[in-house]
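Encoded as structure tokens, the structure appears first; notes follow it.
The values are calculated or read from the model by the stated rules, or taken from the named source; none is laboratory data. Bear in mind the structure is a predicted one, so any value in this text is a computation, not a measurement. Neighbour counts are summed over all protein chains in view; Cβ atoms, including those assigned to glycine, are modelled from backbone coordinates with ideal geometry. Only protein heavy atoms, including side chains, enter the accessible area calculation; ligands, DNA and RNA are left aside. Shrake-Rupley method; radii C 1.70, N 1.55, O 1.52, S 1.80 Å.
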Amino acid sequence: MDTRITMIAAAMAMTAFTACDETTDTLGNSLTSDADKFVITTDTFSVQTSSIVIDSVLASGSNVYLGKIRDMETNTDVTGHFATNMYTNRPFDDTKMLLDKDSIVSKDASGNIEAILANLTIFFEQIKGDSLAPMQLTVHELAQPLNETQTYYSNFNPEESNMLRDDNGNEIVKKFNFTPLDLNLSDSIRNRIVSGQDFAYITIPLTKEYRDKNGNAYNNYGTYLLRQAMEHPEYADNIYDFSHNVCPGFYIKSTNGLGAMMKIRSVQVQSVYRGISNKDTIDAAYYVSSTDDVAHIVNIENDRESINALAQDNSCTYLKTPAGIFTEVTLPVDEITFGHENDTISSAKVVFRHYNAQSDEALAAPTELLIMPKDSLYSFFENKNLTDYKTSFSAIYNSSTNSYTFSNIANLIMAMKATKSSGRATENWNKAVLVPVTIKRTEATTVSSSRIIGIENCLDLTSTKLVKGTGTDSPVKISIIYNKVNK
């Protein structure tokens, strides 16, 4: 223990104690009688930290990535693939999804509707890295849809799980070379996309002859979708029927290229056909999309050899997402509580500082962290928990101090002590983990006035090195304030 300070203060002033300076040490005398006074003591303790490799995290549908990018500071690669179910774009008004049969012009010799064009379009919400990097993807048709009720982690691979359709070449397998940003676009449009005002997109033609699972042949995939919509409109009544009877969805795999990672907004298949509307011949389209309501997951591949090497670096600890490295924190619970069994821990403050990036191309540091017990690392997200300020707390990166500050984790200290005292302690009883997260809040003018409504594992591309805590004389300290009644 480093220092001990004893002073008299009022119980009413405890919540403001950490914001006051040393001139407040007599404030209690003016607020309470002698019978109400209590003794406040402070102490600091060393905190030990280490890097831990995270194989996978819960794959949130709101964070879907495609591409491959290298963190230039740590020289590690991360690759993103994704899978998604599809559903019809149902109009909100009385507009029909298809023209009347008699108004359709593009038909085969038997009079059945036929698509003159079929495309799969992928819309990008963000492009990280080089927007002109040459990349390649492969579109695979799923044999079965993602299970809406199943929990998927970021290491789930539909290919290895035999979810891709394999039907003697009748299935969709389409390789496509592209750059995330189309060079043919005007400068003004490209600038709007780069600034986030517009979506970038790529369009992949699906012109090959297609056979469905029953062996029925169509001139392209668009014709298949059009005929299903015409012959079985009931399949569009709900997502389950559509995904199990018409279109299970797609697995989009990054198969070549390095330098760009795209955050996916949506996937859409356009089936274009010709018809007559108001006596004019027009090209109409029928759409199916990866709406916000359907299941979609991201499959993350990290360079495991490099990740493991980083985790062994004893000069620092790392936070690296998606699904790369977290920082484990061993809290000195026994030391903090020894000799204070009858005292109250009113404050426990710990600050985690990080090193400045050494490269202009380095990835950004995570914006928000949680600290939580190591044993609840996975259940917290599976149960869709929120910070309860008992065992889980959040902190926001402060660019001015290059740090994350957890102002008061006293409840976590006491919860860990109670777990040990109850005889239910595991080997991780005094270990917590710093977890980069994405926190969803209600709209408000400031973060402090908003309300947290959801917390997900951060799947953004982030990386930072934290100052490493050691077992003794650590550069990472936890500052404790105790109080007890002055008898």
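Miscellaneous remarks
- Largest first, the residues TYR65, TYR201 sort by 1.4 Å accessible area into TYR201, TYR65.
- Between segment 47-81 and segment 186-264, the alpha-carbon center distance in angstrom: 27
- Put a dot 7 Å past the Cα of ARG192, heading toward its Cβ, do the same for ARG165, and the two dots end up 3.5 nm apart.
- Candidate values (1) 202; (2) 133; (3) 187, label of the one derived for volume of the Cα convex hull per residue in Å³: (1)
- Computed accessible area, THR149, all protein chains, 1.4 angstrom probe, square angstrom: 120
- Each of HIS140, PHE124, ALA83 was scored by the projection of its Cα onto the charge dipole of segment 77-160, and the greatest displacement toward the positive side belongs to PHE124; charges sit on the C-beta of Lys, Arg, Asp and Glu.
- Heavy atoms of LYS253: accessible area, 1.4 Å probe, square angstrom to 10: 50
- Sorted into 5 angstrom bins from 0, the C-alpha pair distances of segment 79-166 split as 2, 7, 14, 14, 15, 16, 13, 10, 6, 2, 0 percent.
- Surface analysis of segment 35-136 yields an accessible area of 43 Å² per residue, using protein heavy atoms and a 1.4 Å probe.
- Charge dipole of segment 347-420 about the Cα centre (unit charges at C-beta), most positive-ward option of PRO366, TYR397, ILE409: ILE409
- Extreme residue, positive dipole direction of the chain, given options TYR355, GLY111, PRO436 (C-beta unit charges): TYR355
- Entry note: segment 135-198 has Rg to Rh equal to 1.14, where both radii use alpha-carbon atoms and Rh is the Kirkwood radius.
- Per-atom-type breakdown for segment 212-334 gives carbon and sulfur 41% of the accessible area (1.4 Å probe, protein chains only).
- Dipole magnitude of segment 294-438, debye to nearest 20 (Cβ charges: Lys/Arg +1, Asp/Glu -1, about Cα centre): 400
- Using the 1.4 Å probe convention, the accessible area of segment 329-487 works out to 51 Å² per residue with neighbouring protein chains retained.
- For the chain: relative contact order, % (alpha-carbon pairs under 8 angstrom, 6 or more apart): 25
- Global size of segment 277-339: 26.2, 90 Å for Rg and Dmax (C-alpha atoms, Rg to one decimal, Dmax whole).
- When the C-alpha to C-alpha distance is required to be over 32 Å, the pairs from LYS253/LYS465; LYS431/LYS484; LYS68/LYS390; LYS253/LYS384; LYS68/LYS477; LYS107/LYS253 that qualify are LYS68/LYS390; LYS68/LYS477; LYS107/LYS253.
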